[in-house]
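Here is the structure we will look at.
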Amino acid sequence: MANAPSPSPTSSFSFDLTRPTETSSSSRFGPRLGKARLVRTDGSPDLTIETPGLLTTTSRGIVPHLSRDHHRRTAAIRWVGLPFETFLEQVPPVPTLQGGPHPLHTFLGYPPARNTLVLSLRDPACAKQLPPNGKDHISALSLRGVRKVSKDEWRGYVAACNPDLVPRALHRMARRPPPPIPPTQSQSQSDTTTTDTTAATHPLNVLVHMAGGASIPARTAFAESLTEPLYGPDAALVQPLATLDQGVAGYTFDLVPLRNALGSAAPLGLASAPDTPDTAALAPLLRASLAPLPATKLRLANSPASPHEILRLVRDVGVDVFDAAWAQGAADIGVALDFVFPVPVPVPDAGSGLPDTEGGKIDLGHNLYDDRYASDFSRLADSLRAGNTNAQSTPTSTFISTSLSGSDSPAICPCAACSPLPPTAHIAHSNLDALSFPPKTNADADADAALPRQSCLPPFSRAYIHHLLHTHEMSAHALLVMHNLAVLDAFFAGVRAVLRSKPKSASSFGFAGEVERFVRRYEEGAGVFERARGMWAGVDRARGKGRLGRERAKNAPAVAETLILGDLVPVGETTLPPDTIIDLEV
Amino acid sequence: MEFEVLARCPTTKARVCKMTLAHGVTMLPTFMPVATQAAIKGLTAQQVESLGVSLILNNTYHLNLRPGIKILEDAGGAHRFQGWTRNLLTDSGGFQLVSLSKFTTITEEGALFASPFTGEPTMLTPEESISIQHTIGADIIMQLDDVVSTLTIGPRVEEAMERSVRWLDRCIAHHDASGKKGVQNLFAIVQGGIDVSLRDRCLDEMIKRRDGVAGYAIGGLSGGEAKDTFWRIIKQCADRLPDDRPRYAMGIGFAEDLLVCVALGVDMADCVFPTRTARFGIALTFTGPINLKLQKHAKDLNPIDKDCPCPTCSDGVSRALLSHIITLETAASHAVTQHNIAFQARLMGRARDAIMAGAFPAYLRKFFKDYYGDVGYPEWIVNALRSVGVDLLEGEDVEVVQGDGAKWEYSDKS
């Protein structure tokens, strides 16, 4: 890849803070509103995404469980995080063969007009220890084991893929134990790497991974190094920029290695033990990294553990984008999220049909494996309405949400589970098919346009998804991923709405006040997720890959019991992936 | 049910029919995808419908175990439960009792099996099967039949055939008394194994009961019998079944089998093959199935079929991307499942158009040339189509080969 084409980016990235607009030192770490803009120079429409917002994570390049049509229908999918490492299984990696103005978008099916692709070599949520990176290569993990990627190769891959943003390719400092790394050493080491990546892509399309581990001095030193003027060969590489920071669009924080460095053993993607919210320890580290740097650039955090942590990082650090790994992971294990921000006023009674309650708080979602949902025909979330209901007929319409939205009933969940839409078109396979699927008349179409809510079909019920989960049907996870992304997207819309509202206006608690109300309302612990994971493992063991072998080992009646009861397995006992594909048709 | 024959092929026995059920019109011949557990694997009801599918199948045995009849009743039926607004067919549960349960004993009263819940002996009678199907609420319901393995020979086959006739009487009586006849339609299932005389006797008896049934299925095939036997039994049944009733070949899903059945006069078929094989990375095409796991597809940036209107192909999902995710990501299964269902629907939709246009023999010749031109025509297909007046070899220089002719992409060399 030494002869890789020189990069020819077809988009340029900019980020504007809309509130606060001036960055005094007091507001440097406060909550903020922003707009991330991609200007496409190839004629495709520009793309603007509001922050705070979510970044959808991917596995092997795609959003897990979503077919193309479902993915297109999920408006929450805007920022997309793409680890490249699985593509190293083919030489050369196949996305680099695609060609055209947006090879990565095209290959993976992300419309450039809708999706901002953040391409990293490694999966930021991967906590696995890899062999150390060398002077000229980076270690990455693919299905066929560890692959060494030279910096030239990576540069070439990025150029051939034309993603929208590229985090600096690795975070080796974070994997190392915290100091004793003398600041000078960390400087020189990181400078080299950063310079390489900066030169490899459009200067403004690079995000820097903020290194320094759990050491505040190391993080500060790394950050300061970005703003120091460069001299000699380094300066030549980044000309006409005076400092590395001038060439970067924003900063990323990978919370998984950071939590590991802090010694917290939080399970991947899910909240840690209830009484040890580690945001308190994270926030100072993030602030140490940001303090020496301009406050106007994008801040992205990977692998937040919960909405509680997201709110604290918005409030205490001013992070702009968070990945949705925990919400997507909840869909893998059968949890339908059910929470809103800001919490409606007054807080609705925690009656039947509401999520589990612990100590007066309610859970963030429903473990739909639980038998309590076997004949619960209500929609997935109490806190969001189904598309086919209007305010008058909604059972929850007695809830009064804060007046921010100007509405006195919960917002509609737009996902394909809560607001399924009848097909807009049916593929015609013969000239006679119109007899089966009569074309819509103009009058029908007008009626649909006038009353879009009425055109929604009834929502999929908890009972149906409970059934799909226990029968190991993949449709359950497709519906839950779309729902959970929609719930998280609505949560961020709520965050932005609160931040946009006039401080101290009537019925407003202010952002900090709303965060406190949220924390008081919703359980932060992972109880519901742990219970779901245990039941998921039970069903997967009874019906998933390897089932036949296990059945042979047992006698038949015992198998039948396992199958029906979905016995509970302690968390962490299973190693099977949630998307194991099985076969139960006859 | 309203059933109307719109066109007949002047050469073969193929026909186009319009079948109107409580949940709309389904044009025949058609292929029915199987939603065993109230979901086509990985898809939603809306996705399936958008593929141009208007009739799917649920399995009574499975739905009776989970979620159970009580929940389906509370949900307002299986349509409502799974969000499917089009036509639905349920089997009787008899086949799965035999194929899935080691402990099933058939008595005259019904099928005695060990409950998977409690292990206790449980009886599924013809009346009970119909009642369960009434609760599920499918537009087409099937009689409980006494199913024996296709390859069984001897007196057991005759006993099963005769019992299936007696059970049909009980199903008809129970269905007639239920008051559901206006919205749900009972189909009989012709049994008799691979014995021509038993099939004839079963046909005699079941045709006598035509006033009690809305349609007929041909059961007991697709269970390992020789293809030459398979098509002859299909032909024997299709030739004799009443012209004014739909004919349903159970468990048929390979493209070549489907078109032979249509030529012999079959209107409907179902099989898990297209959806199951999708999950293992097999995509169906008009030149034969392709195995996406093979290295030869790993860098192929073309879609499975550039002319295919399915969401996967029309959105440009490449073979290379599918190869990268197949069997590792559920989304790959979804993508290939959508494609394969659309493929089956295209195959049958083109047959409908060809029959309407009086060009079905030409369609058969083109399909089989594209499909088998490279490897030779299986002899059984040549014979089956000759029996209805189409000679695949006429004007073609294609070799005739032995074997069942099922196409498969085994290795990178093929």
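Quick look at the values:
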| item | result |
| --- | --- |
| Scan of segment B:66-96 for residues that are in a helix (DSSP H, G or I), more than 16 Å from the chain's Cα centre (by Cα) and at the interface with chain A (Cβ under 8 Å from one of its Cβ atoms), ordered by number | B:K70, B:I71, B:D74, B:A75, B:R80, B:F81, B:Q82 |
| Contacts under 7 angstrom Cβ, first residue in segment A:290-312 being over 17 Å from A:R32 (Cβ atoms), partner of a type in the set (D, E), 6 or more apart | A:P292/A:E224; A:N302/A:D254; A:N302/A:D323; A:S303/A:D254; A:S303/A:D323; A:S306/A:E524; A:H308/A:E524 |
| Segment A:424-440 - residue that is hydrophobic (A, V, I, L, M, F, W, C) and surrounded by fewer than 16 Cβ atoms within 10 Å (Cβ to Cβ) and, of those, farthest from the other protein chains (Cβ to nearest Cβ) | A:A434 |
| Enumerated strands (runs of 3 or more DSSP E) restricted to segment B:1-65, each holding at least 2 residues that are more than 7 Å from chain A (Cβ to nearest Cβ) | B:2-8, B:15-21, B:30-32, B:55-58 |
| So A:F492, is it of a type outside the set (D, E), modelled with pLDDT of 50 or more and touching a strand residue (DSSP E or B) at 6+ places or on another chain (Cβ under 6 Å) | yes |
| Qualifying positions in segment A:471-485 - part of a helix (DSSP H, G or I) and open to solvent by 10 Å² or more (accessible area, probe 1.4 Å) | A:H477 |
| Contacts under 7 angstrom Cβ, first residue in segment B:264-278 being free of Cβ contacts under 8 Å to residues at least 40 places away in the same chain, partner among the aromatic types (F, W, Y), 6 or more apart | B:F273/B:F254 |
| Some residue of segment B:114-121 being open to solvent by 60 Å² or more (accessible area, probe 1.4 Å), part of a loop (DSSP other than H, G, I, E, B) and of a type in the set (V, I, T) | yes |
| Search result, residues across segment B:293-304 that are in contact with a Leu (Cβ under 9 Å, 6 or more places away or on another chain) and away from every other protein chain (no Cβ under 12 Å) | B:I304 |
| Test result for B:A173, open to solvent by less than 70 Å² (accessible area, probe 1.4 Å) and among the aliphatic types (A, V, I, L, M) | yes |
| Residue satisfying condition, being surrounded by fewer than 22 Cβ atoms within 10 Å (Cβ to Cβ) and modelled with pLDDT under 95, within set B:T277, B:T327 | B:T327 |
| Strands (runs of 3 or more DSSP E) contained in segment A:8-60 and holding at least 3 residues modelled with pLDDT under 95 | A:11-19, A:33-40, A:47-51 |
| Every residue from segment B:258-274 that is open to solvent by 10 Å² or more (accessible area, probe 1.4 Å) and in contact with a Ser or Thr (Cβ under 9 Å, 6 or more places away or on another chain) | B:C271, B:V272 |
| Enumerated helices (runs of 4 or more DSSP H) restricted to segment A:505-570, each holding at least 1 residues that are at pLDDT below 80 | A:547-553, A:556-565 |
| Candidates B:T312, B:T277, B:T285 - the one that is hydroxyl-bearing (S, T, Y) and away from every other protein chain (no Cβ under 13 Å) | B:T285 |
| Residue count for segment B:319-355, restricted to those that are within 7 Å of chain A (Cβ to nearest Cβ), among the small types (G, A, S), out of contact with any Ser or Thr (no Cβ under 7 Å at 6 or more places or on another chain) and free of Cβ contacts under 8 Å to residues at least 60 places away in the same chain | 1 |
| Hits in segment A:66-92 (condition: touching a Leu at 6+ places or on another chain (Cβ under 7 Å), more than 12 Å from A:R147 (Cβ to Cβ) and hydrophobic (A, V, I, L, M, F, W, C)) | A:A76, A:I77, A:W79, A:V80, A:L82 |
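Residue-by-condition table, conditions (1) at pLDDT below 95; (2) loosely packed, with under 15 Cβ neighbours inside 10 Å; (3) of a type outside the set (S, T, N, Q):
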residue	(1), (2), (3)
A:P348	yes, no, yes
A:P355	yes, no, yes
A:I362	yes, no, yes
A:N367	no, no, no
A:D371	no, yes, yes
A:D376	no, no, yes
A:N390	yes, yes, no
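One line per residue, one yes/no per condition, for (1) within 26 Å of B:K18 (Cα to Cα); (2) in contact (Cβ under 8 Å) with a residue 40 or more places away in the chain; (3) of a type outside the set (D, E); (4) open to solvent by 30 Å² or more (accessible area, probe 1.4 Å):
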{"residue": "B:N185", "(1), (2), (3), (4)": "yes, yes, yes, no"}
{"residue": "B:M206", "(1), (2), (3), (4)": "yes, yes, yes, no"}
{"residue": "B:D211", "(1), (2), (3), (4)": "yes, no, no, yes"}
{"residue": "B:G215", "(1), (2), (3), (4)": "yes, yes, yes, no"}
{"residue": "B:G223", "(1), (2), (3), (4)": "no, yes, yes, yes"}
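The rows are residues; the columns are (1) facing another protein chain (nearest Cβ under 10 Å); (2) open to solvent by 20 Å² or more (accessible area, probe 1.4 Å).
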| position | (1), (2) |
| --- | --- |
| A:G34 | no, no |
| A:V39 | no, yes |
| A:D46 | no, yes |
| A:T57 | no, yes |
| A:H65 | yes, no |
| A:D69 | yes, yes |
| A:P95 | yes, no |
| A:R114 | no, yes |
| A:L117 | no, no |
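Condition check ((1) under 22 Å from B:A332 (Cβ atoms); (2) touching a strand residue (DSSP E or B) at 6+ places or on another chain (Cβ under 8 Å); (3) buried (at least 24 other Cβ atoms within 10 Å of the Cβ); (4) at pLDDT below 95) across all residues:
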| position | (1), (2), (3), (4) |
| --- | --- |
| B:P33 | yes, yes, yes, no |
| B:L43 | yes, no, yes, no |
| B:H62 | no, no, no, yes |
| B:I71 | no, no, no, no |
| B:D74 | no, no, no, no |
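A quick yes/no check of all residues on (1) in the same structural domain as A:N162 (by the TED database); (2) assigned to a helix (DSSP H, G or I); (3) at negative phi:
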| residue | (1), (2), (3) |
| --- | --- |
| A:H65 | yes, no, no |
| A:D69 | yes, yes, yes |
| A:R72 | yes, yes, yes |
| A:A75 | yes, no, yes |
| A:L82 | yes, no, yes |
| A:T86 | yes, yes, yes |
| A:P92 | yes, no, yes |
| A:G99 | yes, no, no |
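Yes or no, residue by residue, for (1) open to solvent by 70 Å² or more (accessible area, probe 1.4 Å); (2) in contact (Cβ under 8 Å) with a residue 60 or more places away in the chain:
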| site | (1), (2) |
| --- | --- |
| B:K366 | yes, no |
| B:W380 | no, yes |
| B:D397 | yes, no |
| B:Q402 | yes, no |
| B:D412 | yes, yes |
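The values are calculated or read from the model by the stated rules, or taken from the named source; none is laboratory data. Note that the structure is predicted; figures quoted are calculated from it, not measured. Cβ sites come from the backbone with ideal geometry, for glycine too, and all protein chains shown count toward neighbours. Note: areas computed on protein heavy atoms with side chains; ligands, DNA, RNA excluded. Shrake-Rupley method; radii C 1.70, N 1.55, O 1.52, S 1.80 Å.
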